[in-house]
């Protein structure tokens, strides 16, 4: 039985705690740590059967029984806690992004290499049933050589302007998932990026120095071209689609919804909207990424999303920001 | 160039006239006859380049240049004009139904046999792109041996009660097309029928002695089972679907609409309604049935829908009426 | 914390055990009983944290801490164990069907009434996201007055002939769910049934005295008509669809599949098959029916599927069997 | 009755000839001219009832009865014949593109202005049922302010390399339709373009100095962003989709196919491929653009696609070529 500690008891920390408790029979959450513990969190921990609840995450790092740590703390602490945990000999599952700063990511990569532990980054969409089906089709050669990768990724509601000030902006807090998808679905690396963006949803986002609408295009190493379109606010819900077009055909996935019901009246033929909330939409993937993490530890195999996979989308995101700022395509090699 | 005469210048007569003029290059409409000629019809005939416009259809039968006649007159005259035309040596395309009276249909069958002319009945849906695709899949063995045939057939608007008094009722004016579809799609004959029906749309239809909602089930010679569901009024338009389920799978067709547009808003994901009007929905099939009729004459081959195909659905319809009346399943052999 | 005992540790017993453990926070499985206990079951019980594992279910009935019992034993014991459990003062959740024998069902109904406990029958499809959406649309009046109810229910694989000898046959082991759906979706009672059936999938099923393909039509109290089509074997998987057509329109649900992936190649545009296995297809509904059962106990409210709801589909099933045998429509009142 | 002359009896000239003959009752084709007349064309003209067949198109321009001319000759003659026809006082319908040379387009624009005749350009997709539905939704405000316009446009088969040498290349012979769509669907003008392209389909196209795969992004005057993805060869057929996403939602259209048939077997759930051939896919739009042209003449109203609409996509195409060549976004104002 693998003992796991969770650092950070926010929304995603709890999601992971429940996943392990319910869906990963060979692992158990032994401890959770959060500097802002409240009664609700304590009650939740009790319900989950979690033995220890700490304010100080160092107690988790000091517990020799705990072999693996989930870093679910605030984004700005991901890299430093990662380094500490890795140096304490723990296997680490770190929420995305590792960091926005390349030097700090580099420190994590070096620590991981030195310690020889497993380090997985939380790009959960790689475990989503829809995106997996696209990747599988590409891998199986069903669509031939990839020529065009298209990703539509639109949030149901714009975040407050305060958030975008600290999040790194659209490209680093939202598109980063889509950059990962481009790499995952194509099986290739991004070489160059061009970004168009605008403020069409909320002027406050513009005042905060960010955009809320974007189309980002990319050249890939294998010659394929990719495009991502983003919006902070889709009136009909969370829009998450992808398509890979290749020499033999195309594979595309559309949105999930709460039922297949279609209602036909004099007003038209109406189906359900896409699932609105990301936790509802991606719940299965959150559980599956942790299953894979635990399996990689148990079997001493490669984690499915490693530290380099954590780095690459940050590089693309920084290149996209630069492209938008300078009004020109930017090579990834300019960022490194 | 095959010269054609049209008897009956109502809606369907004009549809056929246009089809021949526009889509059947090797045929031309030489004459049209209707006892109630008006200026609009004369203008239409001129536009179509039709040489002769008569009140008396006998002039068409007497014209030796005319080899083929389309019987598009009122239903109660179909069988008698058919017999006259056949005896005059004309090939005949007769709108459905040939008649509701079995003796009169029999007279047509005998006349056709004696004269050795082509006689095609206007079951246009056999030429519809959707239903043809179902038939093709069945014929190609893609779904294996047929086990279950399902037809949904609902009109967009109920007819006036006056109409159902003379039409023969739901089973003979509307379901008759679906009975033909059961035979066409299954490639088998109906052996027994059971009908449930009710008046749920318009009480006036009930007062006129008919029903407006029905579910009819059938046993087929090849062992398959079939079901038709009918309504006189679907709020969302003309609902025309079919499915054949067999040992290897199923083939299903859904409705056509005016565009593929899908609109996603906070209210849901909305597509177009089915095409509302039968002429719009089935226009292509009306043209194609005439192409096939003309080809059968030119090449002296079998017509695709012969007089027996005209008889069979009438027998099923009469059996369905009897089933509804007597509250029991009725064998087709009881009707003949 | 409601303590629950499970009688019968077969497939469905374990499904319910997991559902309570994982998804019903206010209930816990305290004991499970099965006469044929094996190591696998003991291991499973341990993993679930179930305190007591018995061979004799009476030990569950005797445990005063246990307030609710799930009857998941073999079908022929449902009614007798139900009566015992009810008389022991337990709330009972009983897998469908209560029994095939009307007297024995009656005994359960009487016992429940006398004891004043909750008694819920396991018609899980009422809790399925798709069927719920249909029911909701009907209830909300979106489709107006129901006129036609259609249910397609086809299994992915035929059961062995041995099974149908003891199961009560197609109408009582399979269609019974669909009969429940007709009542649930229409909000009305079945008055009369007519059944056509045949042996088209497996001759051994015919030799065992049953059919494997059926179309059952029904007249409902509210005037609507209903139809169910069944097959024991759909090559493409588990086919579970429904449609309610009414005065204002129609609501229809189609199948769930493992992803929304659509692959377009020179061979066509291909989507996923329906989910194949009933546990995969209906997992969410199994959890939700137990949540509702526990809530009904905790809040002392009506259970959503009561003993009468357990009786009604058996009556319809017996009427359908009689209809098939006698070749005529059969009124439900003939059965009671 | 408007008399029309057609200059150029190639494929598209004949399509337009048939459209006028069959679908535009108030117009008639009086003459057709082509320097390479053959028997087949003469036979076709006879069938259509076309009075005069010339080798020299000047005879059409000299015929005072002819009020309108369709310019369907080879692309390099579009602008010069347009000028001649306009100066002869004819209304002109000119196939796209007017020219690839801005000075020659300018000469047409000046001639049209001077003569005061109608001048329509053959951007037929504006008349397509699907794209019209998108435009209508945008116009009606159903999706709010447009934020993102997406167009997928992929041909079923790559043209020979010889063709791309004279066609102006992908952006001017193929994407030009999509540039027109961006303007039409958004109701706004393109301000800046960025293009990524590659040779992934046929190396011979690369050797001929062109690309076969492209993603073009655009900034629009109204602030919206647009993206077009192109391929010369989609294995599954002619892929023609569009989406407009705005502040209130999105409207999207998918492909048309030859039937709605869906076949479910153990291999999956398979639908029809998109219509393969552009004439089949867009036939209705070719007829409708001519109806509108004739109506504009008859009623002396604005043509729906004027000479400026012919110019704008050429400017965008030239900017896209420049962007690809220079590896940077290019403003439309740099081209003019």
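The values are calculated or read from the model by the stated rules, or taken from the named source; none is laboratory data. Source: prediction; values computed, not measured. Cβ: placed from backbone, ideal geometry, glycine included. Neighbour counts: every protein chain shown.
Select from the range A:305-336 the residues that are part of a loop (DSSP other than H, G, I, E, B) and touching a residue at least 40 places away in the same chain (Cβ under 8 Å) and list them in ascending order. Passing the criteria: A:305, A:306, A:328, A:329, A:335, A:336.
Just to check your reading of the model, which residue among C:99, C:63, C:39 is in contact (Cβ under 8 Å) with a residue 40 or more places away in the chain and farther than 27 Å from residue C:168 by Cβ?
On the way: C:99 fails: farther than 27 Å from residue C:168 by Cβ; C:39 fails: in contact (Cβ under 8 Å) with a residue 40 or more places away in the chain.
The match here is C:63.
Between B:172, B:225, which is within 21 Å of residue B:100 (Cβ to Cβ) and either in contact (Cβ under 8 Å) with a residue 12 or more places away in the chain or within 14 Å of chain A (Cβ to nearest Cβ) (or both)?
Numbers: B:225 fails: within 21 Å of residue B:100 (Cβ to Cβ).
So the residue among B:172, B:225 that is within 21 Å of residue B:100 (Cβ to Cβ) and either in contact (Cβ under 8 Å) with a residue 12 or more places away in the chain or within 14 Å of chain A (Cβ to nearest Cβ) (or both) is B:172.
Checked against the criteria, residue C:151 counts as more than 7 Å from every other protein chain (Cβ to nearest Cβ) and touching a strand residue (DSSP E or B) at 6+ places or on another chain (Cβ under 6 Å). For residue B:216, the stated conditions hold: it is under 23 Å from the mean Cα position of the chain (by Cα), more than 14 Å from chain D (Cβ to nearest Cβ) and closer than 17 Å to residue B:184 by Cβ.
Which ones in the range C:157-167 are within 15 Å of residue C:177 (Cβ to Cβ) and in a loop (DSSP other than H, G, I, E, B)?
First, the residues of the range C:157-167 that are within 15 Å of residue C:177 (Cβ to Cβ): C:159, C:167.
C:159 - this is the single residue of the range C:157-167 that is within 15 Å of residue C:177 (Cβ to Cβ) and in a loop (DSSP other than H, G, I, E, B).
Residues of the range A:257-283 that are touching a helix residue (DSSP H, G or I) at 6+ places or on another chain (Cβ under 6 Å) and in contact (Cβ under 8 Å) with a residue 40 or more places away in the chain: A:282 alone. For the range D:18-41, the tally of residues that are farther than 16 Å from residue D:91 by Cα and in a helix (DSSP H, G or I) stands at 8.
Which one is nearest to the chain's Cα centre (by Cα) among residues in the range A:255-275 that are farther than 20 Å from residue C:275 by Cα and surrounded by fewer than 16 Cβ atoms within 10 Å (Cβ to Cβ)? Applying the filter and picking the extreme gives A:267.
Of note, residue A:316 does not satisfy the criterion of being in contact with a helix residue (DSSP H, G or I) (Cβ under 8 Å, 6 or more places away or on another chain) and farther than 30 Å from residue D:328 by Cα. Taking each residue of the range C:134-150 that is more than 13 Å from residue C:247 (Cα to Cα) and looking for partners that are modelled with pLDDT under 95 and crowded, with 21+ Cβ neighbours inside 10 Å with beta-carbon atoms closer than 8 Å, six or more apart or interchain, yields nothing.
Of the residues C:246, C:237, which single one is more than 7 Å from every other protein chain (Cβ to nearest Cβ) and over 22 Å from residue A:254 (Cβ atoms)? Reasoning before the result, please.
Working: C:237 fails: over 22 Å from residue A:254 (Cβ atoms).
The match here is C:246.
Scanning the range A:195-205 for residues that are farther than 17 Å from residue A:151 by Cβ and either within 11 Å of chain D (Cβ to nearest Cβ) or under 24 Å from the mean Cα position of the chain (by Cα) (or both) returns A:198, A:199, A:200, A:201, A:202, A:205.
Looking at residue A:134, is it modelled with pLDDT under 95 and not in a strand (DSSP E or B)?
Values: modelled with pLDDT under 95: no; not in a strand (DSSP E or B): yes.
No.
Identify, from the list C:195, C:252, C:226, C:204, the residue that is surrounded by fewer than 24 Cβ atoms within 10 Å (Cβ to Cβ) and farther than 30 Å from residue A:129 by Cβ. On inspection, the qualifying residue turns out to be C:204. Against the definition (outside the structural domain of residue D:176 (by TED's automatic domain parsing) and buried (at least 18 other Cβ atoms within 10 Å of the Cβ)), how does residue D:220 come out, yes or no? Taking the combined requirement at face value, the residue does not satisfy it. Check the range C:51-60 and report whether any residue there is part of a helix (DSSP H, G or I) and crowded, with 18+ Cβ neighbours inside 10 Å. Scanning the range C:51-60 turns up at least one residue that is part of a helix (DSSP H, G or I) and crowded, with 18+ Cβ neighbours inside 10 Å.
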